[in-house]
2 protein chains.
Amino acid sequence: MTDVAVVGASMTEFGRREAWIRELLAEAGAACLESATVPPDAVDHLYVANMASGEFEGQTGISNALASDLGVVPAYTQRVDQTSASGGAGIYAAWQSVASGVSELTLLVGGEKMTHRTTGESTDVIASLTHPVEYKHGVTLPSFAGLTARRYLERFDAPRESLARVAVKNHANGVLNPHAQFQEEIDVETAMESPMVADPLRLYDFCPVTDGAAALLFCPADRAAEYADDYAVITGVAGATDTHVVHERVEPTRMDAVADAGRDALHMAGRDPDDIGVAELHDMFTILEFLQMEALGFAPEGEAWRAVEAGRTDRDGELPVNTSGGLKSKGHPLGATGVAQGHEIYRQVTDTAGERTVGADVGLACNVGGFGNCVTVAVMEGR
Amino acid sequence: MTDVAVVGASMTEFGRREAWIRELLAEAGAACLESATVPPDAVDHLYVANMASGEFEGQTGISNALASDLGVVPAYTQRVDQTSASGGAGIYAAWQSVASGVSELTLLVGGEKMTHRTTGESTDVIASLTHPVEYKHGVTLPSFAGLTARRYLERFDAPRESLARVAVKNHANGVLNPHAQFQEEIDVETAMESPMVADPLRLYDFCPVTDGAAALLFCPADRAAEYADDYAVITGVAGATDTHVVHERVEPTRMDAVADAGRDALHMAGRDPDDIGVAELHDMFTILEFLQMEALGFAPEGEAWRAVEAGRTDRDGELPVNTSGGLKSKGHPLGATGVAQGHEIYRQVTDTAGERTVGADVGLACNVGGFGNCVTVAVMEGR
């Protein structure tokens, strides 16, 4: 197995963009190649992480389109779809292409263009990933989030405010991220008084609908120095699934696929949860940040809310979580998200995250598809 | 790089099926596991090759759905999309998962459900892979095929009947394939008199619209004997792209991405075109069989039509092509096709293709997306 390095990274501005998916992907891809001063024709594999360009824009074949737009033809191209975990699946696919020995330079670009659709339309496209039985009864992902949040608060006697604190923390981080959709602090009161969406969750418990793209460049670790003085090595990466039907799970507040993927990725890296110095978690809904912290071993079951309330996941805490602003503040263009998480961890472990830099050597990204239906976890370490 | 074996294979009946994509995928996947007497929970990676379940059926997240349907949770799952080359891209992804060392048993299932839509709707979904400029002017893939066929016939002074002979040969092969959509011989006259679609191509120059699925099971070659007495080893696999805009290509009768992927796959296998004893080519349109034969080095440029006319690609010829019936007769459920090509080559090199068996030790599958926009080639050898 060839060791794999990340030697370049980029992301576009996230938010409401006057650009189509092809333009967003090209913007991120070109910037990423530039970040490592790599000519396009050096790329031999190009992966595009995207959930639904066909449904959102009537445009398919986007990995081929991007190969032409970037001038990387005849590099092999493929689209990776794992719903909202497409970006993390893209990291896994790109890692495999280098680790298996067939690629010397792989570019991964993830993106989604969504804001030209109404929030209802976007929610409906996303809900098409659920089981038809659940879908037919109107149980979209926000509904699952509401039901699970209620269960968590009751089960662990956690205050409703603790969820709001996740949003407050991630908004505070987003202020320092020039690419974030929202660069604006909020307070607990604002979050608690925002409109109800899925009881007990309110507007500020949800990530926004976002356009954007992000990119990462991969090569064998023994060639990384050709491209960058400081780079990251992917020391662990793994994926796992949970049941497609959410109501078949024994305990909805336990994210088994996160636990499985996290355990495998940490094992591959030879690391414990305590070794992780910075983490990007998939806070599509605030409640998910608690559940992932617990499944990954960053907090005992039922106690993540205490860690957040105590500030242990703030930028100056023991384990800063979602320094990028997270999905909540940075935004969540489905296919881009996992790649943007990788971008943040790369920046953190190479100490190039600007004011957000927390000085961590080892970082972890956890990308979740559906309601924990599928998960990828990557561990990156600075070199 | 771990050597990768194929130890199981299956395909559903192709044609008009009263089943949705999830059912088709589950049918093929379960049969494939059964073919190697493997319990579902032994699978650690599951790839689903599919172009457009969202567009055709409003169902996404199908790799998760399949993991649950087959009982392979918590195996990592991902959907692979490379338009009509999704199946070949799936073979490449599955190969990488084993070759990189992270998988001990990977299941690949490719499928598409299309016949509930009209031919026009299906053509329109497929055309969404083309460049918007071409798409806007109504240049669908059948139009490209017509234009290219005209150019080929004129450039190489080939008779119109030579194209019909491709259809006649592949229909004759399909008669022996119990899973083929059409199990019926046709003659040159029938093909030549069928309705005009895209001058000079007529109805019998086109593959049908098809529902179906196929599956392959991969493991490290040194564990293959645990699952099967006779198995195949993937000795070469590669992919390549061409320009997204077809009219930017210098010579449309040359399929550069086929040439690139073929050269790389043969090089990896340490083989020459002459070593190949059986091939599955992507005859979505009859003209494509000529172009691929030439790009892969099976015939000099402009002379594939002579090889077909002389019977050299018949079942009893030097290089039998499309013994399965090809896309023309077997059918073309987009995401299933590349996997079904792999299924046929596996059957041929393990001498288990029933009456179609030609006794070849080395086979090649070439899967094409778009109009040669992206291509994968795999070389398999019997053990």
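The values are calculated or read from the model by the stated rules, or taken from the named source; none is laboratory data. Just so we're clear, the structure is a prediction, and the values are computed from it rather than from any experiment. Cβ placement follows ideal geometry from the backbone for every residue including glycine, while neighbour counts extend to all protein chains displayed.
Data table
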item: For A:D157: the one exception among (1) at pLDDT below 90; (2) more than 21 Å from the chain's Cα centre (by Cα); result: (1)
item: Within region A:106-128, considering residues that are buried (at least 24 other Cβ atoms within 10 Å of the Cβ) and among the hydrophobic types (A, V, I, L, M, F, W, C), the one nearest to the other protein chains (Cβ to nearest Cβ); result: A:I126
item: A:A304 being in contact with a Leu (Cβ under 8 Å, 6 or more places away or on another chain) and either away from chain B (no Cβ under 14 Å) or at pLDDT below 95 (or both); result: yes
item: Number of the exception - B:E23 against (1) farther than 24 Å from B:E104 by Cβ; (2) touching a residue at least 24 places away in the same chain (Cβ under 8 Å); (3) more than 8 Å from chain A (Cβ to nearest Cβ); result: (2)
item: Condition check for B:D256: over 22 Å from B:G317 (Cβ atoms), surrounded by fewer than 24 Cβ atoms within 10 Å (Cβ to Cβ) and of a type outside the set (S, T, N, Q); result: yes
item: Yes/no for A:G138 being on the phi > 0 side of the Ramachandran plot and either within 14 Å of chain B (Cβ to nearest Cβ) or at pLDDT below 90 (or both); result: yes
item: Matching entry among A:A94, A:A149, A:A164, A:A172 (being surrounded by fewer than 21 Cβ atoms within 10 Å (Cβ to Cβ), part of a helix (DSSP H, G or I), of a type in the set (G, A, S) and modelled with pLDDT of 95 or more); result: A:A172
item: Region B:205-227, residues that are more than 15 Å from B:E104 (Cα to Cα) and either among the hydrophobic types (A, V, I, L, M, F, W, C) or crowded, with 23+ Cβ neighbours inside 10 Å (or both); result: B:D205, B:F206, B:C207, B:V209, B:T210, B:D211, B:G212, B:A213, B:A214, B:A215
item: Residue within region A:197-209 that is part of a loop (DSSP other than H, G, I, E, B) and farther than 29 Å from A:A49 by Cα present; result: yes
item: Hits in region B:106-128 - residues which are outside any loop (DSSP other than H, G, I, E, B) and modelled with pLDDT under 95; result: B:T119, B:G120, B:E121, B:S122, B:T123, B:D124, B:V125, B:I126, B:A127
item: Which numbered condition B:E13 fails, given (1) more than 23 Å from B:C219 (Cα to Cα); (2) more than 19 Å from the chain's Cα centre (by Cα); (3) of a type in the set (D, E, K, R); (4) more than 14 Å from chain A (Cβ to nearest Cβ); result: (2)
item: Residue pairs meeting the criteria (Cβ under 7 Å; at least 6 apart or on separate chains; first within 15 Å of B:D229 (Cα to Cα), in region B:338-362; second among the acidic types (D, E) and outside any helix (DSSP H, G or I)); result: B:V349/B:D361; B:V349/B:E381; B:T350/B:D230
item: Hey, A:G8 touching a residue at least 40 places away in the same chain (Cβ under 8 Å) and away from chain B (no Cβ under 11 Å) or not; result: yes
item: Meets criteria (surrounded by fewer than 20 Cβ atoms within 10 Å (Cβ to Cβ), farther than 19 Å from A:V377 by Cβ and in the same structural domain as A:T352 (by TED's automatic domain parsing)) for A:E193; result: yes
item: Filtered residues of region A:30-44 (kept if closer than 11 Å to A:L217 by Cβ and either within 14 Å of another protein chain (Cβ to nearest Cβ) or part of a loop (DSSP other than H, G, I, E, B) (or both)); result: A:A36, A:T37, A:V38, A:V43
item: The listed residue being closer than 30 Å to B:M51 by Cα, at pLDDT 95 or above and part of a helix (DSSP H, G or I), out of B:S324, B:S329; result: B:S329
item: Long-range neighbours under 8 Å by Cβ, at least six apart or interchain, first residue over 12 Å from B:A295 (Cβ atoms) and within 11 Å of chain A (Cβ to nearest Cβ) within region B:236-257, second outside any loop (DSSP other than H, G, I, E, B) and among the aromatic types (F, W, Y); result: B:V237/B:Y92; B:V237/B:W95; B:A238/A:Y76; B:A238/B:Y92; B:G239/A:Y76; B:G239/B:Y92; B:T241/A:Y76; B:V246/B:F144
item: Qualifying residue in region B:52-73 (condition: within 9 Å of another protein chain (Cβ to nearest Cβ), crowded, with 24+ Cβ neighbours inside 10 Å, of a type in the set (V, I, T) and part of a strand (DSSP E or B)); result: no
item: All positions within region B:26-75 that are free of Cβ contacts under 8 Å to residues at least 12 places away in the same chain, in contact with a helix residue (DSSP H, G or I) (Cβ under 6 Å, 6 or more places away or on another chain) and more than 19 Å from B:S97 (Cα to Cα); result: B:G54, B:T60
item: A:A89 being within 9 Å of chain B (Cβ to nearest Cβ), within 19 Å of B:H244 (Cβ to Cβ), hydrophobic (A, V, I, L, M, F, W, C) and assigned to a helix (DSSP H, G or I); result: no
item: Residue within region A:368-383 that is among the basic types (K, R) and outside any loop (DSSP other than H, G, I, E, B) present; result: no
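Listed here are the residues, each with its yes/no results for (1) crowded, with 24+ Cβ neighbours inside 10 Å; (2) among the charged types (D, E, K, R); (3) in the same structural domain as A:A89 (by TED's automatic domain parsing); (4) over 15 Å from the mean Cα position of the chain (by Cα).
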residue: A:L281; (1), (2), (3), (4): yes, no, no, no
residue: A:M293; (1), (2), (3), (4): yes, no, no, no
residue: A:G311; (1), (2), (3), (4): no, no, no, yes
residue: A:L319; (1), (2), (3), (4): no, no, no, yes
residue: A:H343; (1), (2), (3), (4): yes, no, no, no
residue: A:D351; (1), (2), (3), (4): no, yes, no, yes
residue: A:G354; (1), (2), (3), (4): no, no, no, yes
residue: A:G363; (1), (2), (3), (4): yes, no, no, no
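Table: residues versus (1) touching a residue at least 40 places away in the same chain (Cβ under 8 Å); (2) more than 8 Å from every other protein chain (Cβ to nearest Cβ); (3) not in a helix (DSSP H, G or I).
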position	(1), (2), (3)
A:T77	no, no, yes
A:G101	yes, no, yes
A:E104	yes, yes, yes
A:T130	yes, no, yes
